Amino acid sequence: MDDLEPLDPQFVQDQLSRHPFVALAGVINVRDLGGLPSHLYPDLVTKPGYLFRSAELSGITDEGKAQFKQLGISQVFDLRSDTEIAKYNTPGPEIEGVNISHVPVFKKEDYSPEMMAKRYQLYASGKTEAFMELYSQILDHGGPAFGTILRHVRDRPTEPCIFHCTAGKDRTGVIAAILLKLAGVDNAAIAKDYALTRIGREPARAMIIERLNKEPLFASNNEAALNMFTCRDITMTAFLDLLDEKYSGVEGYVKQFTDLSDEDIATIRHNLLVPAADPSIKSKV
């Protein structure tokens, strides 16, 4: 798939109707992280219907809220900053019976004009090494937010949750990779999940371009704007290498940045996995 060209609408529709994509009216890029095999435990897969990832929920419709309840999701983790919520006027929705926790990766001070200009320049390049600098920033700042999600998995294994940022690609992609890596999912499968955002985000292509065109850097450089759609599996593969080389692997990162212990990690891993052949689970491997 060419990151800079629109995808065939029929192809997108076909893909969005299949697992791991999930229908949630008014929300794009919704996926179930269940059904992925663990290479640590060959007879186990990630628990279907427990962890979901998406783009922002602010546009969810009444139909989407009904679908939300059908999925059994009782907890939302919003990784967006106060600054971007205000900038785009996209407050989180109210959904009856659902707890919505605002756990921003970046604080207001991380959105200074100078920092945003640098961040946009990195995004605009579309280069893997630029995304590694961005993803290092996410890892360095995201410990408290990611720790909250990990503690939910540790303490509430029967309560499905969804986590999201704005597009559901970068901050969401990083915590999704951390969770899947803890579960023992192999790098190729994690990278494949990451790359699916290219399809999941396509229905909002026009809206995303419109937003970007309000930023001087992107308004004057169409290719830079389109590079924001970059979502290649090699980017996630490079990120997983970065996690190993700079942060002592996923367990090293989790222990250092979220203050969770080896015992906590073992519990999280246990809660993320179910038997592949469990007749009570509709495995989607």
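The values are calculated or read from the model by the stated rules, or taken from the named source; none is laboratory data. Computed from a predicted model, the values in this text were never measured in an experiment. When we count neighbours, we look across all protein chains shown, and the Cβ atoms used for this are built from the backbone with ideal geometry, even at glycine.
When we screen E223, E210 for residues that are within 30 Å of Y88 (Cα to Cα), without any contact (Cβ under 8 Å) to a residue 40 or more places away in the chain and either acidic (D, E) or not in a helix (DSSP H, G or I) (or both), the only hit is E210.
Which fully enclosed helices (runs of 4 or more DSSP H) of region 1-106 have 1 or more residues being under 20 Å from L196 (Cβ atoms) and of a type in the set (F, W, Y)?
Output list reads 9-16.
When each of A183, A188 is tested for being more than 18 Å from G142 (Cα to Cα) and in contact with an Asp or Glu (Cβ under 9 Å, 6 or more places away or on another chain), the lone residue that passes is A188. Would you mind stating whether L16 is surrounded by 21 or more Cβ atoms within 10 Å (Cβ to Cβ), at pLDDT 95 or above, under 19 Å from the mean Cα position of the chain (by Cα) and not aromatic (F, W, Y)? Considered against the rule, which asks whether it is surrounded by 21 or more Cβ atoms within 10 Å (Cβ to Cβ), at pLDDT 95 or above, under 19 Å from the mean Cα position of the chain (by Cα) and not aromatic (F, W, Y), L16 comes out as no. Every listed requirement among (1) exposed (fewer than 13 other Cβ atoms within 10 Å of the Cβ); (2) under 22 Å from P203 (Cβ atoms); (3) in contact with a strand residue (DSSP E or B) (Cβ under 8 Å, 6 or more places away or on another chain) is met by D32 save one, (1). Among the residues of region 219-267, those that are at pLDDT below 95 and surrounded by fewer than 16 Cβ atoms within 10 Å (Cβ to Cβ) comprise A219, S220, N221, N222, E223.
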